[in-house]
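Below: the structure, in structure tokens.
The values are calculated or read from the model by the stated rules, or taken from the named source; none is laboratory data. No experiment lies behind these values; they were computed from the predicted model shown. Reconstructed Cβ throughout: ideal geometry from the backbone, glycine too, with neighbour counts over all protein chains shown.
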Ligand code: ADP
């Protein structure tokens, strides 16, 4: 009998399911988008029931497509949009309020208040997170404060909290298991990543009754079995990790110093820093990479707010390109940007600049500038922003000269961008055959959890390079390009507010 691993990839805009074989090759895949709700400016919600129904729908569809029965699926892994917060009734399984999505800014003022009270550094030392509305703590507190009767019911143990992984585990086991993994717990801002437990002082600060929290386990762990009615028979739920951590795992970044960057709408760079957490002085996040065999591996995480979105902007707002793919040929059709730099600080700048008030800028325009130069400058900006984060990470982790960067995400398909990235980083860029690394990571974790793989060595052996990009640029030229970029960033930060 053939044996497969199932990955449920519950993202921000769609639910996906992929089936993988032992070698980590995709056997089938199904995807369905679901509704985004914007009830007020800055608010974002999902319907947890729709998350569940689309996720079940695509899981069944992926099985049918490849004619695979539950008996052939040795393990199921879950990876998910992180931080999104759900509270539901323990008896009926009905959510008490829509899911408050990580992007939702409704609790920004609560975070400002806590900053004024001087809590920021204290929270960072415990959780590795910046005090921000992204994380679950203030969202959960909001539900407890605003939905009538929920706080009392939480105290009586009648309602439960979970991030999306917990919600899916609960639904998949028909309410038998209320659990989460270390990576998702680490994004709630309630979990102490050094002590490896829910933090009593944080629970007190945010007034969260402990009995509503899920139990925290390793990422590769036998969480439970899916209810037999769902897939025709039970499947073991054996792997769980948040999306970025799953992608780090799927990229086989098992060594300290190993790094991956995802070029999606935004950019997410994670570096494995080993078994001791590294706390950043410059606003990178410290997070749990994974928990395996009872011990934690940590990561530094830096994000670029606008990456592929800059290319979308050229297409949708500027009409300079008709597809994202077209950007590559246009960029190649000119020798360089003709002195043009673009800083896509549409929503301010993150690490290492941290300027919420910076705004996007195009510099160095002359009478000879054409759209090809601008398109090229936009692509190059993705590489410079990644460079800025990598440089900071190397400093803070005390790791010199990154040997290589593994890449994934939509814009990693752009060969021009990948080559330019190699030049600017002066490091090898490695693009894997399977860029669905998030789902793959969840499948691998499930494979480990069930003992289908004995250790990470086999998984490492599965990682296949599709192509690598090596730097050849002259060092003086590289330095002058970086200098130009930094000058443009300075100007983006001079924006009059
Ligand atoms: P997400 O998961 O964040 O939705 P994806 O990983 O699907 O993102 O990547 C989509 C992003 O990648 C879009 O912003 C798009 O503009 C960009 N993109 C896709 N293909 C290319 C390409 N060939 N060159 C440059 N950017 C691209």
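I'd like the full set of residues that are under 18 Å from residue 434 (Cβ atoms) and modelled with pLDDT of 95 or more, limited to region 4-20. Across region 4-20, the qualifying residues are 4, 5, 6, 7, 8, 9, 16, 17, 18, 19, 20. Among helices (runs of 4 or more DSSP H) entirely within region 113-221, having at least 3 residues that are farther than 23 Å from residue 56 by Cα and over 22 Å from the mean Cα position of the chain (by Cα) singles out 120-127, 136-146, 150-155, 200-205.
Only a single item in (1) touching a helix residue (DSSP H, G or I) at 6+ places or on another chain (Cβ under 7 Å); (2) not in a strand (DSSP E or B) is not met by residue 405, and it is number (2). Selection of helices (runs of 4 or more DSSP H) fully inside region 429-497 by the criterion of at least 3 residues being under 24 Å from the mean Cα position of the chain (by Cα) returns 437-449, 456-462. Residue 423 meets each of the listed conditions (1) without any contact (Cβ under 8 Å) to a residue 60 or more places away in the chain; (2) in contact with a helix residue (DSSP H, G or I) (Cβ under 7 Å, 6 or more places away or on another chain); (3) not in a helix (DSSP H, G or I) apart from (3).
Within region 385-420, the residues that satisfy the criterion of being out of contact with any strand residue (DSSP E or B) (no Cβ under 8 Å at 6 or more places or on another chain) and more than 11 Å from the ligand (Cβ to nearest atom) are 387, 388, 391, 394, 395, 398, 400, 401, 420. Of the listed requirements (1) more than 30 Å from residue 249 (Cα to Cα); (2) within 12 Å of the ligand (Cβ to nearest atom); (3) at pLDDT 95 or above, residue 343 misses just one: (2).
Take residue 83 and tell me if it is crowded, with 22+ Cβ neighbours inside 10 Å and either under 21 Å from residue 285 (Cα atoms) or not assigned by TED's automatic domain parsing to the domain that holds residue 175 (or both). Here the answer is yes, as residue 83 does meet what is asked. Among the residues of region 399-411, those that are surrounded by fewer than 22 Cβ atoms within 10 Å (Cβ to Cβ) and either in contact (Cβ under 8 Å) with a residue 12 or more places away in the chain or on the phi > 0 side of the Ramachandran plot (or both) comprise 399, 401, 402, 403, 404, 409, 410. Flag not set for residue 291, criterion: over 22 Å from residue 246 (Cα atoms) and more than 12 Å from the ligand (Cβ to nearest atom). Would you point out the residue of region 34-66, among those that are without any contact (Cβ under 8 Å) to a residue 40 or more places away in the chain and over 23 Å from the mean Cα position of the chain (by Cα), that is surrounded by the fewest Cβ atoms within 10 Å (Cβ to Cβ)? Across region 34-66, the extreme among qualifying residues is 41. Annotation: of all residues in region 268-283 being under 24 Å from residue 195 (Cα atoms) and outside any loop (DSSP other than H, G, I, E, B), the one that is farthest from the ligand (Cβ to nearest atom) is 274.
Taking residue 265, is it out of contact with any strand residue (DSSP E or B) (no Cβ under 9 Å at 6 or more places or on another chain), in a loop (DSSP other than H, G, I, E, B), within 11 Å of the ligand (Cβ to nearest atom) and not assigned by TED's automatic domain parsing to the domain that holds residue 218? Considered against the rule, which asks whether it is out of contact with any strand residue (DSSP E or B) (no Cβ under 9 Å at 6 or more places or on another chain), in a loop (DSSP other than H, G, I, E, B), within 11 Å of the ligand (Cβ to nearest atom) and not assigned by TED's automatic domain parsing to the domain that holds residue 218, residue 265 comes out as yes.
Restricting the search to region 206-216, which residues are out of contact with any helix residue (DSSP H, G or I) (no Cβ under 7 Å at 6 or more places or on another chain) and either buried (at least 19 other Cβ atoms within 10 Å of the Cβ) or free of Cβ contacts under 8 Å to residues at least 12 places away in the same chain (or both)? 213 - this is the single residue of region 206-216 that is out of contact with any helix residue (DSSP H, G or I) (no Cβ under 7 Å at 6 or more places or on another chain) and either buried (at least 19 other Cβ atoms within 10 Å of the Cβ) or free of Cβ contacts under 8 Å to residues at least 12 places away in the same chain (or both).
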